[in-house]
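Before any comments, here is the structure.
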Amino acid sequence: LSRFMSSTSDMAASSDSTSSLPVTLDSINPKVLKCEYAVRGEIVNIAQKLQEDLKSNKDAYPFDEIIYCNIGNPQSLGQLPIRFFREVLALCDHSSLLDETETHGLFSTDSIDRAWKILDQIPGRATGAYSHSQGIKGLRDVIAAGIEARDSFPADPNDIFLTDGASPAVHMMMQLLLSSEKDGILCPIPQYPLYSASIALHGGSLVPYYLDEATGWGLEISDLKKQLEEARAKGITVRALVVINPGNPTGQVLAEENQRDIVNFCKQEGLVLLADEVYQENVYVPDKKFHSFKKVARSLGYGEKDMSLVSFQSVSKGYYGECGKRGGYMEVTGFTSDVREQIYKMASVNLCSNISGQILASLVMSPPKPGDDSYDSYMVERDGILSSMAKRAKTLEDALNNLEGVTCNRAEGAMYLFPRINLPHKAIEAAEAEKTAPDAFYCKRLLNATGVVVVPGSGFGQVPGTWHFRCTILPQEDKILAIVDRLTAFHKSFMDEFRD
Ligand SMILES: Cc1ncc(COP(=O)(O)O)c(CN[C@@H]2CONC2=O)c1O
């Protein structure tokens with residue numbers, strides 16, 4: 001004991017004397033250092049500091065509020081949750097309300113009925129209990145039925161893994177597929193940085209394929225093939241192809257023919273197709289429609305034994321925007337049963353996803369139907385949110401296209417605009433002098449002048465030598481007009497300062 005005490009005191013002495021804590025940047029996992037996530041990066045950190053300053057001195061800056069346009073977080077910007085969804089959640093979480101007569105005066109009959117049905121599917125009728133590691137079977141049945149109704153092709157509840165949002169589902173698939181830097185994932189550029197971050201965290205290689213801005217962020221199969229062959233020539237085994245449709249940050253909705261080409265490419269090249277479809281309800285233009293990759297693959301005659309396809313969905317987007325409830329799922333198809341068991345084992349390590357998120361995922365995939373008590377009010381809420389998003393997207397898109405040296409493809413879907421800024425050389429030189437990427441330089445100047453927070457295109461990837469930023473369409477309509485005014489005034493002064 002004395003030897004232990006002396007060594008302990010020595011350790012105590014040494015730590016006191018060097019006052020060095022045991023963990024340093026040099027001693028943590030280098031994959032963590034390599035990981036980046038610009039959506040909540042440097043610009044947002046600066047914005048939060050400015051916001052603190054404004055609290056203590058409202059005249060500190062030439063604006064009176066920070067407007068966060070950096071993250072697809074609808075309810076933080078005034079969007080209301082869907083009443084039916086919240087009624088069902090409340091009744092499930094406080095089920096004794098179902099025994100009270102007053103409840104019938106406060107809640108719709110279909111939310112009461114739905115809550116009873118959901119509770120009957122939960123062992124012990126307890127939303128506070130762990131569930132099956134893939135999620136409550138009865139909810140997976142409902143989600144599978146919703147997928148079948150959407151696609152008109154069968155969906156198996158046992159292919160569904162309910163997760164705490166789509167993010168952990170993406171991490172699980174990267175963890176499954178990536179063994180080393182010799183394993184690669186084909187990712188779109190620009191991409192949502194969850195993918196580059198997860199690939200870095202799991203020690204794999206990102207194999208880029210560039211979306212073509214000139215054709216509305218179209219995806220050229222020839223570029224996919226070129227990137228695939230170059231990666232293979234470097235000894236990288238490309239395991240999967242990520243497609244985000246509708247696109248983040250680019251906002252395009254893929255044409256069905258393009259989707260067929262992508263499915264055929266994955267089939268021919270033996271790639272897992274990772275289909276990120278969290279914006280499937282966010283389509284704003286009449287000439288585009290969402291088709292799931294599962295439906296496209298089945299329509300081409302590809303079944304379980306022909307290709308591996310993982311589809312990701314979330315309760316964070318759409319017209320529901322329930323980001324904080326952390327709900328979503330991945331539909332895992334076309335894997336052998338022994339691999340499926342490994343995926344289940346990974347899910348079981350986390351025990352289960354949160355039950356509110358699970359319930360919400362089932363509601364998103366099986367909302368009120370015609371004739372239900374809530375249907376009319378639900379449709380008013382849903383259509384009101386989506387039509388307003390379409391209007392806000394168009395307003396912002398038109399304003400951006402009116403700015404000197406700025407071009408912006410239309411937001412066909414999702415929640416973002418991704419304009420290209422042709423920055424004058426003087427601005428690029430000024431950015432270099434500050435050791436900052438030119439688009440980050442522009443975004444910082446925008447923030448400091450207007451309080452508007454956007455994310456530099458360098459955080460999503462872009463064709464070298466081009467500069468963009470991403471702005472959400474989420475502030476309410478009156479705020480969108482304020483953003484347009486502030487952005488227009490700022491951009492003019494910026495160009496006056498740096499015009500070549
Ligand atoms: C394409 C895409 N996939 C997955 C996710 C993760 O969603 P979960 O909330 O279900 O984990 C997001 C979130 N969108 C981020 C967050 O807000 N703005 C963005 O660009 C996303 O845009």
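Throughout, read-outs are computed from the coordinates displayed, never taken from laboratory work. This one's a predicted model, so the numbers in the text were calculated from it and none came from an experiment. Note that each Cβ is placed from the backbone with ideal geometry, even for glycine, and that neighbours are counted across all protein chains shown.
Structure notes:
- Semi-axis lengths, Å, the chain, gyration tensor of Cα atoms, sqrt of 5 times eigenvalues: 36, 31, 29
- Under a 5 Å amide H cut-off, with hydrogens placed 1.01 Å from N, HIS468 pairs with ILE421, GLY457, SER458 among residues at least 5 apart or on other chains.
- Quarter of Cα convex hull surface for the stretch 197-239, i.e. mean projection, nm²: 3.6
- Along principal axes, Cα extents of the stretch 160-281, largest first, whole Å: 37, 35, 23
- Legend: residue pairs LYS117/LYS369; LYS49/LYS492; LYS267/LYS294; LYS55/LYS444, Cα-Cα distance threshold 18 Å; pairs beyond threshold, LYS49/LYS492; LYS55/LYS444.
- Between the beta carbons of LYS234 and GLU100, assuming R0 = 56 Å, the FRET efficiency works out to 0.30 to the nearest 0.05.
- Normalised by residue count, the stretch 443-482 yields a Cα convex hull volume of 78 Å³ per residue.
- Distance histogram in 5 Å bins (all Cα pairs of the stretch 274-355, percent per bin): 3, 12, 18, 20, 19, 15, 9, 3, 1
- Helical runs (DSSP H, four residues minimum) scored at -39500 (n - 2.57) apiece and divided by the length of the chain put the mean residue ellipticity at 222 nm at -14500 deg cm²/dmol.
- The distance from the alpha carbon centre of the stretch 163-216 to that of the stretch 405-438 is 24 Å, rounded to a whole number.
- Relative contact order for the stretch 110-173, counting Cα pairs under 8 Å that sit 6 or more residues apart, in percent: 25
- Förster-model FRET efficiency, 60 Å R0, ASN350 and LYS492, C-beta, rounded to 0.05: 0.75
- Distance distribution note for the stretch 212-344: the fraction of Cα pairs above 17 angstrom is 63%.
- Where Rh is the Kirkwood radius over Cα pairs, Rg/Rh for the stretch 343-382: 1.24
- For LYS317, the shell of other residues with beta-carbons less than 10 Å away shows a net charge of -3, using +1 for Lys and Arg and -1 for Asp and Glu.
- Spherically averaged projected area of the stretch 433-500 from its Cα convex hull (nm²): 5.2
- Base-10 log of normalised Debye intensity for the stretch 385-500 (one unit scatterer per alpha-carbon) at q = 0.09, 0.14, 0.23 Å⁻¹: -0.22, -0.54, -1.42
- Amide proton proximity set for TRP217, modelled H, under 5 Å, gap of 5+: ASP212
- Reported to the nearest whole Å, the Cα centre-to-centre distance from the stretch 338-388 to the stretch 21-78 is 30.
- Contour excess over end-to-end distance, with Cα ends at ASP398 and GLU432 and 0.36 nm allotted per residue: 9.2 nm
- Normalising the average separation of contacting C-alpha pairs (under 8 angstrom, six or more residues apart) by the number of residues puts the relative contact order of the chain at 20 percent.
- Distant-in-sequence amide H partners of GLU322 (H built 1.01 Å from N, under 5 Å): SER316, LYS317
- Size descriptor, Kirkwood hydrodynamic radius, that averages inverse alpha-carbon separations across the stretch 90-131, Å: 10.5
- Neighbour count of at most 16 Cβ within 10 Å plus DSSP loop: longest GluC sites (Glu not before Pro)-free window in the chain: 305-403
- The separation of the stretch 82-152 from the stretch 441-500, counted between C-alpha centres, amounts to 43 Å.
- Calculated SAXS-style log₁₀ I(q)/I(0) at q = 0.22 Å⁻¹ - the stretch 102-219, Debye, Cα scatterers: -1.17
- For the stretch 255-294, the extents of the C-alpha atoms along the principal axes are 33, 19, 10 Å, listed from largest to smallest.
- Counting Lys and Arg as +1 and Asp and Glu as -1 over every other residue whose Cβ lies under 12 Å from the Cβ of ASN45, the net charge comes to +1.
- For the stretch 106-169, dividing the convex hull volume of the Cα atoms by the residue count gives 126 Å³ per residue.
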